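*Asks:* Please find one structure pasted underneath; my questions will follow.
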Amino acid sequence: MKILVCGDAEGNFKTLFQRVSKVSNATGPYDALFCVGEFFGEDRSQWDDLRSGNIKITIPTYILGPLKAEMKTFFPDIKGCELMKNMIYLGDSGVFTGASGEKIAYMSGLENNHYGGLSLAYDSIKAIEVLLGGDAGFRGVDILFTSQWPKSITNFASVPPGFEPEASGSPLVSRLALKVKPRYHFAGVEDIFYQRLPYRNHRVLAESQKHVTRFIGVAKVGNKSQKWLYAFNLTPMCKMDNSTLVEQPTDATESPYINDEKIVNVGLPTKPELNQFFYDTNYQPGEAGQQKKKRKYEENRPPGPPSPCWFCLSSPDVDKHLIISIGEHVYLALAKGFLVPEHCLILPIGHVQSERSLPSEALDEIKKYQKALLKCFEREGKCMVFYERSFKSPHMQIQCCPVPKVSATRLCEAFMDSAEDQDVRLEKIPENSEIDQLIQPGQPYFHLQLPNGDRYLSRVQKKFPLQFGRDVLASRSVLNVPGRSDWKNCKDTKEEEEKTAKKFREKFEAYDFTL
């Protein structure tokens, strides 16, 4: 891969993209441009020129979140979104794997932010650590992008002119770098170009040898005396043999963080404590009237929603009478306004917006529920259709709907015909490929899994039929319930829902792996 990284653009888009175009013509093409620091500025005239096409974006561009409160108006979805063609806002924090296998972590915001913008939070740092910790073979990430510099980065190295180590940098960013072990770490804000000596991610003679980290601070776009655009080549670590990956440069230093307890333990409580939340499903499974079922969801849960959410299990707004089963990471619930009485949802217990944001343990549990549902309805001559619409849906939902096996052969044709009629591009997902390898962070999508195991993906653009999956299943060629294509027209009373959920629970109990 060939990558470009720039510092704070602050609305200076003409200078930025003219320079990117010139560099691309001379030494490119480049695969992506990543922008750290504050991307937008008070003068929005050049943003209007970008959107109108007067300033050309010739390369996929990825940006971090706002550092000042007034810049939030540029972001329609603060959790991540596509701002325009070739420009993706990554979100406040997260991890994604690119098309070439490169693993990238990112963190927006400033610690102790006095601007009133996005602030760094320990929960967000911890969420990234948990997400990466679910990979048993985790060695580190290829690149880490942060707005702010890490605290103590100049330990064991030179201090760049104009930089004040005691007054600058974030211990939270340092902790993140220490935990995720990036091969490259880029940051902005300081308006200084600083290419630190590479540092080791292991203790010599005490730990097995690991790759080094190269930290690069990038100046603000347009700085006439400091470098603000950095170009480099990257071979993803997943495509490197270990001996090449862990080669140690002769100028490598000790880690600037590894002996600093303030960084290692930043954000941690003085004593290890688990925040345990217990949920009561208000039913007694089994004929013997066993004790009410409870599940705990511990400290690794994702950060909560910005406002009350109907589907977060800890929310007072959740319809507990619809719950069928609760696992450790996800739960199963009857769909409100269901297509058929066994139409249900798989949802994360904590607030997560899409399947691609879940840790591996939660994904494994989703597969267990899907297999259990398949077994449950197999004897009735039914098979399962699963789909997720990560578009205008604040909480992840996997729709699970049983259909008669006699209708299964018509499913693919029905979805393809409807996609063509509604100008939806539905592409078959290659075998052994995952969603996060096929779409960029913030990109909305529709993911479909048919009974024969074939999976399809639609990258949602500006317009997408919200009831696309439901319309196809409700059609006369599949379930033949066209009057139930809109769930709002199928609402039952709470008493009716309780009866339907109770029957579902009794049927599913023999297949519920959580009991």
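*Asks:* Simple spin-label model, 7 Å along Cα-to-Cβ: residue 410 to residue 204 in nm?
*Replies:* 7.3
*Asks:* Let me ask another. Kindly provide log₁₀ I(q)/I(0) values, in the same order as q = 0.12, 0.16 Å⁻¹, from the Debye equation applied to equal alpha-carbon scatterers of the range 356-515.
*Replies:* Calculated log10 I(q)/I(0) at the listed q: -0.58, -1.08.
*Asks:* Between helix 494-508 and the chain, what is the angle of the helix's C-alpha long axis to the longest principal axis, kept within 0 to 90° and rounded to the nearest 10?
*Replies:* 90
*Asks:* Separate question: How much of the accessible area of the chain, in percent, comes from carbon and sulfur atoms when a 1.4 Å probe is used?
*Replies:* About 47 percent, which is the carbon plus sulfur part of the accessible surface.
*Asks:* What is the extension gain from residue 21 to residue 224, computed as 0.36 nm multiplied by their sequence separation minus the C-alpha to C-alpha distance, in nm to one decimal?
*Replies:* Result for the pair: 71.3 nm of gain on full extension.
*Asks:* For the chain, what is the calculated [θ] at 222 nm in deg cm²/dmol (nearest 500), taking -39500 (n - 2.57) for each run of four or more DSSP H residues and dividing by its residue count?
*Replies:* -6000 deg cm²/dmol
*Asks:* Write down the accessible area per residue of the range 141-244 in Å², having rolled a 1.4 Å probe over the full set of protein chains.
*Replies:* On a per-residue basis, the range 141-244 sits at 41 Å².
*Asks:* Further question: With r as the distance between the Cβ atoms of residue 197 and residue 459 and R0 = 35 Å, compute the FRET efficiency 1/(1 + (r/R0)^6) and round to 0.05. The partial results should precede the final answer.
*Replies:* Numbers: r = 41 Å, r/R0 = 1.18.
That pair, residue 459 with residue 197, gives E of 0.25.
*Asks:* May I pose another question? Pull out the extension gain between residue 123 and residue 241, defined as 0.36 nm times the separation in residues minus the alpha carbon to alpha carbon distance; nm, one decimal.
*Replies:* Length gained between residue 123 and residue 241: 39.1 nm.
*Asks:* Starting from the Cα of residue 138, step 7 Å along the direction of its Cβ; do the same at residue 493; then give the gap between the two resulting points in nm.
*Replies:* A separation of 5.1 nm, rounded to one decimal place.
*Asks:* Related question: Taking only protein heavy atoms into account and a 1.4 Å probe, give the accessible area per residue of the range 340-416 in Å². Don't skip to the end; give the middle numbers.
*Replies:* Details: 3080 Å² over 77 residues.
Per-residue accessible area for the range 340-416 comes out at 40 Å².
*Asks:* If you don't mind, there's one more thing I want to ask. Using square roots of five times the C-alpha gyration tensor eigenvalues, list the equivalent-ellipsoid semi-axes of the range 1-125 in whole Å, biggest first.
*Replies:* 23, 19, 12
*Asks:* Just for the chain, what percent of DSSP beta bridges are antiparallel, to the closest 5?
*Replies:* 65
*Asks:* Taking only Cα atoms, what is the 0 to 90° angle, nearest 10, from helix 122-133's long axis to the longest principal axis of the chain?
*Replies:* 80
*Asks:* Using R₀ = 41 Å, calculate the FRET efficiency as 1/(1 + (r/R₀)^6) where r is the Cβ-Cβ separation of residue 380 and residue 420; round to 0.05.
*Replies:* Approximately 0.80, to the nearest 0.05.
*Asks:* OK, next. Cross-link list 2/210; 22/179; 103/463; 22/239; 68/181; 375/428: which exceed 32 angstrom alpha carbon to alpha carbon?
*Replies:* 22/179
*Asks:* Give me the Debye-computed log₁₀ of I(q)/I(0) at q = 0.07, 0.08 Å⁻¹ for the chain, equal point scatterers on Cα only, no solvent, two decimals.
*Replies:* Log10 of I(q)/I(0), two decimals: -0.44, -0.57.
*Asks:* Another question about this same structure. Please compute the contact order of the range 393-515 in relative form: average sequence separation of alpha-carbon pairs under 8 Å and at least six residues apart, divided by the residue count, as a percent.
*Replies:* It comes to 22 percent, rounded to a whole number.
*Asks:* For the pair residue 467 and residue 69, what calculated FRET efficiency results from E = 1/(1 + (r/R0)^6), where r is the Cβ-Cβ distance and R0 = 35 Å, to the nearest 0.05?
*Replies:* Efficiency, from the Cβ-Cβ distance: 0.45.
*Asks:* Relative to the longest principal axis of the C-alpha atoms of the chain, give the angle of the C-alpha long axis of helix 13-27, reported between 0 and 90° and rounded to the nearest 10°.
*Replies:* Approximately 80 degrees, to the nearest 10.
*Asks:* Then there is this: When 1/r is averaged over all different Cα pairs and the result inverted, which Kirkwood radius in Å belongs to the range 134-266?
*Replies:* 15.4
The values are calculated or read from the model by the stated rules, or taken from the named source; none is laboratory data. Since we're looking at a predicted model, the values are computed, not measured. No Cβ is skipped: glycine too gets one built from the backbone with ideal geometry, and neighbour counts run over all protein chains shown. Surface areas here come from the heavy atoms of the whole protein model, side chains and all, with no ligands, DNA or RNA. Shrake-Rupley method; radii C 1.70, N 1.55, O 1.52, S 1.80 Å.
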